[in-house]
Amino acid sequence: MAQFVEFGEKAVKAKKIAVLGLGYVGLPVSAVFASRGFEVIGVDVEPLIVETINSGQVHIVEPDLDMLVQAAVAGGKLRATLEPELADVFIIAVPTPFKDDNEPDLSYIETATAMIAPLLKRGDLVVLESTSPVGTTEQVCEWIGAKRPDLILPEPNREKCDFHIAHCPERVLPGSVLRELVDNDRIVGGISPRCATSAADLYRSFVKGEIHLTNARTAELAKLVENAFRDVNIGFANELSIICEQLNINVWETIELANRHPRVNILKPGPGVGGHCIAVDPWFIISRAKDNAKIMRAAREVNDHKPTVVFQRVKAAAARLREPVIACLGLTYKADIDDMRESPALEIVEMLAQAEVGKLLVVEPNIQRLPQGLLNLSHVERATLGSALKACDIVVLLVDHRQFKSVDRDLLNLRIVVDTRGLWR
Ligand SMILES: NC(=O)c1ccc[n+]([C@@H]2O[C@H](COP(=O)([O-])OP(=O)(O)OC[C@H]3O[C@@H](n4cnc5c(N)ncnc54)[C@H](O)[C@@H]3O)[C@@H](O)[C@H]2O)c1
């Protein structure tokens with residue numbers, strides 16, 4: 001017989017939570033829930049990640065996360081495992097990359113769903129936190145239904161069901177994740193209004209921002225649109241930077257002057273757009289609305305093309321020198337983090353390395369060693385900022401890490417400078 005799933009803010013506090021995926025999102029989420037007194041099981045398919053966390057350490061760079069995880073593990077509130085176990089709440093925070101054809105790859109969500117489906121019992125809550133194309137939460141529901149015909153699925157107009165399912169997208173900013181997890185407003189989209197309420201009750205245990213309830217499809221699109229909006233605006237700035245270069249006009253001055261208009265706010269151009277969100281999420285909209293997402297597609301194309309423009313510029317500068325030495329400053333996709341996913345800086349350095357335009361001195365203070373594609377190449381070396389600046393003919397500033405802000409300007413004046421971030425203007 002169908003059960004009426006009742007959550008309520010008080011009932012939820014006693015719940016055991018399983019978080020699938022202990023990455024940049026899942027680990028902070030696990031640690032924050034644990035710090036609020038919940039029993040949390042963190043599940044990841046990577047044994048090294050599970051071992052690291054169980055030893056009270058972390059595998060990602062995020063301010064204060066190490067202390068929070070250490071306290072949660074030592075206090076017995078957080079435990080990592082390779083396999084999920086019975087819980088009351090299942091939070092899915094696995095990757096949602098896109099494939100070579102720019103179509104979303106939902107295989108991680110499908111696998112995670114398959115892992116939890118056998119464990120679901122009446123009254124449970126499933127929350128999809130992964131950034132997802134419209135319809136994915138419904139798809140998760142269908143996948144569960146196919147494996148568990150014994151359970152009554154939630155539906156938009158069905159009052160009674162055996163478990164709840166909602167989408168609660170993450171909007172955290174790497175580098176400020178722990179603060180933003182708590183302070184940001186949250187969108188919670190349920191398959192049914194009851195599903196949304198259940199999930200909101202859970203998140204109220206730590207979220208200080210407002211929690212906005214909606215349906216799952218709207219929540220999915222709202223999250224994607226946030227990043228598509230950013231991508232389109234950055235695309236405008238990047239296109240402008242290419243136009244300015246063609247017309248031999250200083251893009252930074254142009255933007256500064258245009259932004260003096262009270263209703264104009266042009267963003268800063270850069271070497272491209274990276275990361276797992278802004279460079280990825282617009283494709284999730286485009287894939288579901290191919291003929292109508294014209295501006296979003298154009299912005300993606302402009303932003304994806306920008307690394308090639310920077311590469312060509314450096315290559316042309318190097319071609320004028322004999323045995324050029326090029327200092328490449330930064331590999332990550334943005335400042336002061338260690339994340340290189342979809343990084344335009346990395347793409348540019350890889351293109352320069354492949355084209356063998358000169359000796360590359362790579363400076364990246366946030367990583368332990370060079371990524372695979374740059375290892376074992378005789379013309380690519382890791383270097384410190386000081387040694388690279390002294391030895392180079394060309395400086396390519398790719399990421400505005402804080403260490404790069406105050407460099408010796410006299411030294412820069414003697415070099416060819418390609419400053420993709422406008423850090424030294
Ligand atoms: N990182 C961010 O700042 C951020 C911000 C907003 C939204 N998101 C979204 O959150 C989701 C997760 O992103 P992330 O940055 O944490 O990714 P991540 O790659 O850092 O972590 C994902 C983790 O999931 C694990 N995993 C893969 N399949 C699994 C499975 N079946 N069961 C258990 N674990 C599994 C991986 O081993 C990995 O450790 C993505 O959809 C992403 O777009 C990320």
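The values are calculated or read from the model by the stated rules, or taken from the named source; none is laboratory data. Keep in mind that what you see is a predicted model, and the values were worked out from it rather than measured. Note that each Cβ is placed from the backbone with ideal geometry, even for glycine, and that neighbours are counted across all protein chains shown. What goes into the accessible areas is simple: the full protein's heavy atoms, side chains included, and nothing from ligands, DNA or RNA. Shrake-Rupley method; radii C 1.70, N 1.55, O 1.52, S 1.80 Å.
Quick notes
- Stretchable slack from Arg179 to Leu414, in nm (0.36 nm times residue separation minus alpha-carbon distance): 80.4 nm
- Phi-based couplings in Hz for the stretch 243-252 (Karplus 6.51, -1.76, 1.60; Gly and Pro marked x): 4, 4, 5, 4, 8, 6, 10, 6, 5, 5
- Residue order by solvent-accessible surface for Ile242, Ile211 is Ile242, Ile211, largest first, with ligands and nucleic acids left out and a 1.4 Å probe.
- Note on the stretch 231-260 and the stretch 385-422: Cα centroid distance 22 Å, given to the nearest whole angstrom.
- The stretch 299-425: radius of gyration and largest Cα-Cα distance (Dmax), Å: 13.3, 37
- Extension reserve of the Ala71-Glu85 stretch, reckoned as 0.36 nm per residue once the Cα distance is removed: 2.8 nm
- Kirkwood hydrodynamic radius over Cα pairs of the stretch 333-400, then Stokes diffusion coefficient at 37 °C and 0.692 mPa s, in µm²/s: 265 µm²/s
- Protein-only accessible surface order, largest first, of Cys277, Cys141 at 1.4 Å: Cys277, Cys141
- Between Ile242 and Glu142, the C-beta separation translates, for a Förster distance of 51 Å, into a calculated FRET efficiency of about 0.70.
- The stretch 18-64-the stretch 313-378 distance, computed between alpha-carbon centres (Å): 32 Å
- The chain: projected area of the alpha-carbon convex hull, averaged over directions, in nm²: 22.5 nm²
- The chain, accessible surface, carbon-and-sulfur percent (1.4 angstrom probe): 51 percent
- Acute angle (nearest 10 degrees) that the helix 65-74 long axis makes with the longest principal axis of the chain, alpha-carbon atoms: 30 degrees
- Counted over the chain, the DSSP beta bridges are approximately 5% antiparallel.
- Annotation for Glu301 and Phe229: the two label points, set 7 Å from Cα along the Cα-Cβ direction, are 2.5 nm apart.
- For the chain, the longest principal axis of the C-alpha atoms and the axis of helix 344-355 are separated by about 50°.
- Across Leu247, Leu68, Leu267, mean-square fluctuation computed from a Gaussian network of the chain (C-alpha pairs under 10 Å connected) peaks at Leu247.
- What the chain shows is 46 Å² of accessible area per residue, with the surface traced by a 1.4 Å probe over protein heavy atoms.
- Span from the the stretch 84-104 Cα centroid across to the the stretch 159-187 one, whole angstrom: 14 Å
- Stretchable slack from Asn292 to Lys405, in nm (0.36 nm times residue separation minus alpha-carbon distance): 36.5 nm
- Principal-axis analysis of the Cα atoms of the chain puts helix 294-319 at an angle of about 30° to the longest axis.
- Pairs from Lys77/Lys147; Lys99/Lys294; Lys16/Lys208; Lys99/Lys290; Lys208/Lys268; Lys16/Lys160 whose Cα-Cα separation, in the structure shown, is over 25 Å: Lys77/Lys147; Lys208/Lys268
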